[in-house]
1. Among the residues of the stretch 2-18, is there at least one that is modelled with pLDDT under 85 and not in a helix (DSSP H, G or I)?
2. How many residues does the stretch 69-100 hold that are under 28 Å from the mean Cα position of the chain (by Cα) and farther than 19 Å from Ser11 by Cα?
3. Where in the stretch 19-99 are there helices (runs of 4 or more DSSP H), lying fully within it, with 2 or more residues that are more than 21 Å from Gln124 (Cα to Cα) and among the polar types (S, T, N, Q)?
4. Report, by residue number, each residue of the stretch 211-255 that is out of contact with any Gly (no Cβ under 6 Å at 6 or more places or on another chain), small (Gly, Ala, Ser) and modelled with pLDDT under 50.
5. For the stretch 95-107, how many residues meet the condition of being under 16 Å from Leu62 (Cα atoms) and in contact with a Leu (Cβ under 8 Å, 6 or more places away or on another chain)?
6. Among Ser85, Ser92, which is among the hydroxyl-bearing types (Ser, Thr, Tyr), touching a helix residue (DSSP H, G or I) at 6+ places or on another chain (Cβ under 9 Å) and either modelled with pLDDT of 90 or more or surrounded by 23 or more Cβ atoms within 10 Å (Cβ to Cβ) (or both)?
7. Would you confirm, using the coordinates I've provided, whether Thr133 is farther than 17 Å from Ser11 by Cβ and of a type outside the set (A, V, I, L, M)?
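The values are calculated or read from the model by the stated rules, or taken from the named source; none is laboratory data. Note that this is a predicted model, so its numbers are computed, not measured. Here the Cβ positions follow ideal geometry from the backbone for every residue, glycine too, while neighbour counts run over all protein chains shown.
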Amino acid sequence: MQTAIGYLRVSTQEQGRSGLGLAAQRFEIETFGKREGFTVKSWHQDIQTGAGTDALLLRPGLAAALKEAQTARCPLIVAKLDRLSRNVHFVSGLMEHRVHFIVAALGKDRDDFTLHIYASLAEQERKMISERTKAGLSRSTKKLGMRNLSKRTRAFRSFIIKRSNTAVRKAAIERAEGYRPHIEWALRQPGWYGRPISVHRAADKLNELKIPSPWGKRWWGCTVMRMGQRLGLYHPLAGRRRVPRQQPRGVYWGMDLPETLYNSRGDLTRVGSAAVDKFRRDYLEARRQDQRAKAARLRTVRKRRTH
């Protein structure tokens, strides 16, 4: 199989934090590589706009990908042409300098004429997006009076606050969905002495694999706890849980519940709630016994030291 270099790009920081767009592009490139006989040996990515002719200065990931592709004499694969650039001059410059790049959405063998047409469409789409954004901002700041929100009615302010809170919650859930495989894997790991893993230990597992958090830093127990709650993964030691309806049957932090403990709507039945509560009581009792045994050992050591 022929080797290749993969390149990913999203335009905004919010898209970069969610990780959904980057994951979708990577999946498209991997699917194309399996179908056409390519093996991607390295990946490069950027979080930057596709406008402008100075893309190599604004996007270090693209510069590194092109340099590695020229050194290894292998093609550069992108999911779509607009992920490479939305500027016709830049794309035509790459074709003029004989830079071998492949667009997965267009196929392996595409002539320069077709690439020029799609590059022109991408540039025109960028201009239309900019015009629509400016028109929307002009309408919201002038006609709706968003700059002077204090002069609007209390009902309107309440409406805006509710909409903004809803948007923030939706963005948080989308950001958590991008990390669902990592969170589920960490919570399925065994804890100490066969007990359910704690959130702090799960965070350590993610840090050991060098998986960055949504903010590009290390994981903490509270971060894993919040993302688990957004994904519907509930801790058995957090007291009584209110499982919402239509909740997918997932992980209970290291404890897999059988199908018989759910009803037809996906909620825990009375037997299921009793099983989770019994598991919680047994866990707390085992922890209390360990604490008593540890205290007894400490008393024994102190008596020996005094005598």
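1. Yes - at least one qualifying residue is present in the stretch 2-18.
2. Qualifying residue count, the stretch 69-100: 3.
3. Per the criteria, 20-36, 60-72.
4. Of everything in the stretch 211-255, those that are out of contact with any Gly (no Cβ under 6 Å at 6 or more places or on another chain), small (Gly, Ala, Ser) and modelled with pLDDT under 50 turn out to be Ala238, Gly239, Gly254.
5. 6
6. So the residue among Ser85, Ser92 that is among the hydroxyl-bearing types (Ser, Thr, Tyr), touching a helix residue (DSSP H, G or I) at 6+ places or on another chain (Cβ under 9 Å) and either modelled with pLDDT of 90 or more or surrounded by 23 or more Cβ atoms within 10 Å (Cβ to Cβ) (or both) is Ser85.
7. Here the answer is no, as Thr133 does not meet what is asked.
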